[in-house]
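Participant: Mind looking over this structure? Questions follow.
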Amino acid sequence: MEKIFTEHAPAAIGPYSQAMKVGNLVYTSGQIPIDPKTGEFAAQDITGQTEQVMKNLDAVLTAAGSSLTKAVKTLCFLKDMGDFAAFNAVYAKYFTGNPARSCVAVAALPKGALVEVEAVAEI
């Protein structure tokens with residue numbers, strides 16, 4: 001088992017790792033839309049926040065020796081299911097392999113984010 005860390009994604013805001021590599025799989029923690037350069041949200045709307053989440057996930061997966069194209073499963077959290085179509089439009093640009101996915105609405109996300117996504121990918 002190996003902890004994964006990259007400065008190209010936000011540091012964990014709690015007692016957890018950005019990702020863990022186990023065998024030929026990497027399990028990411030949920031990524032929220034924090035720009036790692038500023039420590040702030042990259043945008044206030046669902047489209048901009050989803051773009052940043054995908055960049056953060058890509059950075060973590062790359063640091064683990066994987067990529068978004070090798071994702072086998074994602075778990076997506078939306079603050080408002082009314083954002084589902086706009087979220088999907090961005091998500092589809094990044095997860096072109098159509099991994100298995102769950103997408104749920106939640107009451108709240110860390111720091112007031114609109115979206116959070118985690119992934120499991122092959123290495």
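Bear in mind that the values in this text are calculations on the coordinates, not laboratory data. These numbers were taken from a predicted model, which means no experiment stands behind them. As a convention, Cβ positions derive from the backbone with ideal geometry for all residues, glycine included, and neighbour counts pool all protein chains shown.
Participant: Give the residues of the range 85-106 that are over 13 Å from Gln49 (Cα atoms) and of a type outside the set (A, V, I, L, M), sorted by residue number.
Facilitator: Correct list: Lys93, Tyr94, Phe95, Thr96, Gly97, Asn98, Pro99, Arg101, Ser102, Cys103.
Participant: Quick check, is Ile32 under 17 Å from Glu118 (Cβ atoms), surrounded by 15 or more Cβ atoms within 10 Å (Cβ to Cβ) and out of contact with any Cys (no Cβ under 9 Å at 6 or more places or on another chain)?
Facilitator: Against the criterion (under 17 Å from Glu118 (Cβ atoms), surrounded by 15 or more Cβ atoms within 10 Å (Cβ to Cβ) and out of contact with any Cys (no Cβ under 9 Å at 6 or more places or on another chain)), Ile32 qualifies.
Participant: Continuing with the same structure: What's the number of the only condition in (1) touching a Pro at 6+ places or on another chain (Cβ under 7 Å); (2) buried (at least 16 other Cβ atoms within 10 Å of the Cβ); (3) of a type in the set (Asp, Glu) that Glu7 fails to meet?
Facilitator: Here Glu7 meets the rest and fails (2).
Participant: Just to verify a result, which residue in the range 68-110, among those that are surrounded by fewer than 17 Cβ atoms within 10 Å (Cβ to Cβ) and polar (S, T, N, Q), is farthest from Ala121 (Cα to Cα)?
Facilitator: Result: Asn88.
Participant: Follow-up. Check off (1) in a helix (DSSP H, G or I); (2) touching a helix residue (DSSP H, G or I) at 6+ places or on another chain (Cβ under 6 Å) for Ala121 and give me the number that stays unchecked.
Facilitator: Ala121 satisfies every listed condition except (1).
Participant: What are the residue pairs meeting all of these: first residue in the range 86-111, first residue touching a residue at least 12 places away in the same chain (Cβ under 8 Å) and in a loop (DSSP other than H, G, I, E, B), second residue surrounded by 12 or more Cβ atoms within 10 Å (Cβ to Cβ) and among the β-branched types (Val, Ile, Thr), Cβ atoms under 7 Å, and 6 or more apart or on different chains?
Facilitator: From residues that are touching a residue at least 12 places away in the same chain (Cβ under 8 Å) and in a loop (DSSP other than H, G, I, E, B), the pairs are Phe95/Thr74; Thr96/Thr69; Gly97/Thr69; Pro99/Val72; Pro99/Thr74; Leu109/Ile32.
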